[in-house]
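Chemist: The structure follows.
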Amino acid sequence: MTNPDTFDDLPIKARASLQKLSDLVVGTRPIDTKSWRFFTNGLSEQTAIINEVSQWASKGYIYLYIIELVAQPYNISDLKEAFSEAKNTKRNDRAYARLNSDNISVCLYVGSSRGLPGRLKQHLGYGHKDTFALQLAHWASTFDLELEIQCAKYQLGQSAAVYQILEDILWEQMSPMFGRKGMK
């Protein structure tokens, strides 16, 4: 049985743990950043962007990324409706990311990956069908949306908690329409 005193110093221990994490996060900076733009109406021809990302993103790093709409006229309700229909009907037997119905944002997704080209391929809709991703080719290809993926490259070597808190703060800042915050 747990001793009731076990919980008395829990806030002090939590504070010390958070302070240690805070100290690690302060010195963590990306070693490079890059962005690419592409259109959803030509997703079947998007091998070029995957090749470009592959040339920039090498193994041995972790990447934080944002996928967002580039300024143009669009209707968020139409996008959410198209996505919801694809997700609810399990169109093409794909695993779709979570829809954050309360988030109205130009940001579609915030994520991290050690294999960025493969993760982008999944978001485009050409990865394994059981991987939760945007699956853009399966619902957004009829829209003429210009999207941008912005990436930051980080050197490995920090605790996984450091990269996770950076991703979580980015998620809170951007309020993406799709995906979820926190550990997968």
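The numbers here are math on the coordinates, done by the rules we state, and not lab data. Just so it is clear, the model here is predicted, and its values are computed rather than measured. Glycine gets a Cβ as well: all are built from the backbone with ideal geometry, and neighbour counts include every protein chain shown.
Chemist: What list of ³J(HN,Hα) couplings, whole Hz, do you get for the stretch 120-134 from phi and the Karplus terms 6.51, -1.76, 1.60, once you set θ to phi - 60° and write x for glycine and proline?
Modeler: 4, 4, 5, 5, 5, x, 10, x, 4, 5, 8, 8, 5, 7, 5
Chemist: Cα-Cα over 25 Å: which of Lys34/Lys129; Lys80/Lys121; Lys87/Lys153; Lys20/Lys153; Lys87/Lys181; Lys59/Lys87?
Modeler: Lys34/Lys129; Lys87/Lys153; Lys59/Lys87
Chemist: Placing +1 on the Cβ of each Lys and Arg and -1 on the Cβ of each Asp and Glu in the stretch 30-174, which of Ile149, Ala161, Val110 has its Cα farthest towards the positive end of the resulting dipole?
Modeler: So the residue furthest toward the plus end is Ala161.
Chemist: Suppose only helical runs count, i.e. DSSP H with n ≥ 4. What mean residue ellipticity at 222 nm does that imply for the chain under -39500 (n - 2.57) per run, divided by all residues and rounded to the nearest 500 deg cm²/dmol?
Modeler: Counting only the DSSP helices, I get -11000 deg cm²/dmol.
Chemist: For the chain, what is the relative contact order in percent, using Cα pairs closer than 8 Å and at least 6 residues apart in sequence?
Modeler: The value is 37 percent.
Chemist: Could you list the trypsin sites (Lys or Arg not before Pro) in the stretch 27-89 that lie in coil according to DSSP, counting only those with at most 15 other Cβ atoms within 10 Å of their Cβ?
Modeler: Passing sites in the stretch 27-89 are Lys59.
Chemist: Which angle from 0 to 90°, rounded to the nearest 10, does the C-alpha axis of helix 76-88 make with the longest principal axis of the chain?
Modeler: Roughly 80 degrees between the two axes.
Chemist: Beyond 25 Å, how much of the Cα-Cα pair distribution for the chain remains, as a whole percent?
Modeler: Roughly 39 percent, rounded to a whole number.
Chemist: Continuing with this model, one more query. By counting other Cβ atoms within 10 Å of each Cβ, how are Val110, Val70, Val26 ranked from fewest to most? Don't skip to the answer; put the middle values down first.
Modeler: Working: Val110 24, Val70 13, Val26 9.
Result, fewest neighbours first: Val26, Val70, Val110.
Chemist: What number comes out for the charge environment of Asp78, summing +1 per Lys or Arg and -1 per Asp or Glu over other residues with Cβ under 14 Å away?
Modeler: My count for the surroundings of Asp78 gives -2.
Chemist: Using a simple charge model, +1 on the beta-carbon of Lys and Arg, -1 on the beta-carbon of Asp and Glu, nothing else, what dipole does the chain show about its Cα centre, in debye to the nearest 20?
Modeler: 520 debye
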